[in-house]
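To keep things clear, I will list the structure first and then write my remarks on it.
The values are calculated or read from the model by the stated rules, or taken from the named source; none is laboratory data. This is a predicted model, so every value here is computed, not measured. Neighbour counts are summed over all protein chains in view; Cβ atoms, including those assigned to glycine, are modelled from backbone coordinates with ideal geometry.
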Amino acid sequence: MDQMPSRRKRMSRSVLWWIVLLLVCAMLIVLEYIPLPYYVYAPGTVVPLSPIVTVKGGHKTEKGEFMLTTVYVIDAKNIYDLLYALTLPDHQILPQSEVSANYSYQEYLALEDQMMISSHDDAEIAALSALHLPYHVVFTGYQVFSVDKNSKARHLLQPGDTLLSIDGYSLTSVVALGDFLQKAHVGQRVTVKVLRGTKPITLSFSLISLATKPPQAGIGVNVVGTIKVITPYKTTVDTGSINGPSAGLMLSLEMVNQLEKKVDLTRGYRIAGTGTISPDGIVGQIGGITHKVYAANLAHVNYFFVPKDMVKGDTNEAHAMLALRQLHTAMKIVPVHTLAQAIAFLKKLSPR
């Protein structure tokens, strides 16, 4: 008679454990779908530039090598992504608002891809200008990197599309799109020719009222102008999945070195660096500088170029120097403000 309550008690306990287990499993599944507004940064790769940059009429006889540096960025979509990222060495957690502003992750990637393409063009112009070689620039259109939620083209245009014309008006200058929209009105239906990859397509939608003062008709997209550099010394660059503008300086140095006839600018050293480049050769600030210094040190780099801190708010030089002191390494940090300064530094180095 005493065994029945005992058996019931054991069964109740077993059922309770099963319920707890199911609740825990359900909670773990739910956690996978709760988005977290964070990116995680960690040291990335160090990539030799000679195999991925080719200048027509240039050479690849350098004894050392120029390299670009990357940052490993993880979109922490959920708690599991975040926990994995915490296992990476020298990681840094940043809120999405600080990294990609109000853009979605897909829009952010599209912008970074376009910035890398623009960086190729700017690096080519800066390199050709430094060597006083001929070129001219042709405006090729407007590339979309994000579409507003209230745009009538929200489900038609995609990040990466290039706008070629609107209602037959060719978009072949920097001011062309603005000129057309100034004369347009809200609700006007327009036909837009677009290049998507290599395929031309035609789309039709209505213009919306933009949140400008005074209100103005617009498509409701964020775009960046695209160009083509025409020169006998055409450069091809294949950076694969690497995106963003921060390789600009190093791309320019590789291009200059392939065209330089008198001296090998690598001087036999492993030389890496980071920094945006403008067409007139100005080196700009970038993100993730500390992680790039760590990555360069792991790759046994001898000299590492960084953007020089020029005005209040610039921090690349200071952060790079701090990282260098923490590493206790023989690698040298070289702050520069222009491509010309980087070239001058290299020419003064004793060959190895």
Within region 245-254, is even one residue buried (at least 17 other Cβ atoms within 10 Å of the Cβ) and more than 19 Å from Asn316 (Cβ to Cβ)? yes
Residues that are surrounded by 14 or more Cβ atoms within 10 Å (Cβ to Cβ) and either assigned to a loop (DSSP other than H, G, I, E, B) or acidic (Asp, Glu) (or both), drawn from region 319-331: Thr329, Met331
What is the residue count in region 259-271 for residues that are under 22 Å from Val306 (Cα atoms) and assigned to a loop (DSSP other than H, G, I, E, B)? 6
Just one listed residue, out of Leu207, Leu195, is more than 21 Å from the chain's Cα centre (by Cα) and either modelled with pLDDT of 95 or more or surrounded by 19 or more Cβ atoms within 10 Å (Cβ to Cβ) (or both), and it is Leu207
In this structure, does Leu164 turn out to be surrounded by fewer than 21 Cβ atoms within 10 Å (Cβ to Cβ), farther than 23 Å from Leu251 by Cβ and modelled with pLDDT under 95? yes
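Return a yes/no flag: does region 215-224 have any residue that is in contact with a helix residue (DSSP H, G or I) (Cβ under 9 Å, 6 or more places away or on another chain) and closer than 30 Å to Gly57 by Cβ.
Step one: list which residues in region 215-224 are in contact with a helix residue (DSSP H, G or I) (Cβ under 9 Å, 6 or more places away or on another chain), which gives 216-219, 222-224.
Within this subset, residues satisfying the condition of being closer than 30 Å to Gly57 by Cβ are 224.
Scanning region 215-224 turns up at least one residue that is in contact with a helix residue (DSSP H, G or I) (Cβ under 9 Å, 6 or more places away or on another chain) and closer than 30 Å to Gly57 by Cβ.
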Residues (under 30 Å from Asn257 (Cα atoms) and in a strand (DSSP E or B)) located in region 133-185: His136, Val137, Val138, Phe139, Thr140
Working only within region 188-225, note down all residues that are without any contact (Cβ under 8 Å) to a residue 12 or more places away in the chain and under 12 Å from Leu163 (Cβ atoms). Ile201, Thr202
Looking at Val256, Val301, Val334, Val283, which one is assigned to a helix (DSSP H, G or I) and among the β-branched types (Val, Ile, Thr)? Val256
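Table: residues versus (1) without any contact (Cβ under 8 Å) to a residue 12 or more places away in the chain; (2) assigned by TED's automatic domain parsing to the domain that holds Lys261; (3) more than 18 Å from Ala127 (Cα to Cα); (4) under 23 Å from the mean Cα position of the chain (by Cα).
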residue: Ala26; (1), (2), (3), (4): yes, no, yes, no
residue: Glu32; (1), (2), (3), (4): no, no, yes, no
residue: Thr45; (1), (2), (3), (4): no, yes, yes, yes
residue: Ser50; (1), (2), (3), (4): no, yes, no, yes
residue: Thr54; (1), (2), (3), (4): no, yes, no, yes
residue: Gly58; (1), (2), (3), (4): no, yes, no, no
residue: Glu62; (1), (2), (3), (4): no, yes, no, no
residue: Leu68; (1), (2), (3), (4): no, yes, no, yes
residue: Lys77; (1), (2), (3), (4): no, yes, yes, yes
Residue satisfying condition, being of a type in the set (A, V, I, L, M), in a strand (DSSP E or B), modelled with pLDDT under 90 and crowded, with 16+ Cβ neighbours inside 10 Å, within set Ile227, Ile242: Ile227
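Name the strands (runs of 3 or more DSSP E) wholly within region 1-117 that hold at least 2 residues that are modelled with pLDDT under 80 and farther than 26 Å from Asn302 by Cβ?
Numbers: elements: 38-48, 53-55, 65-76, 92-95.
Counting at least 2 such residues, we get 38-48, 65-76, 92-95.
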Qualifying residue in region 308-318 (condition: at pLDDT below 95, in a helix (DSSP H, G or I) and crowded, with 17+ Cβ neighbours inside 10 Å): no
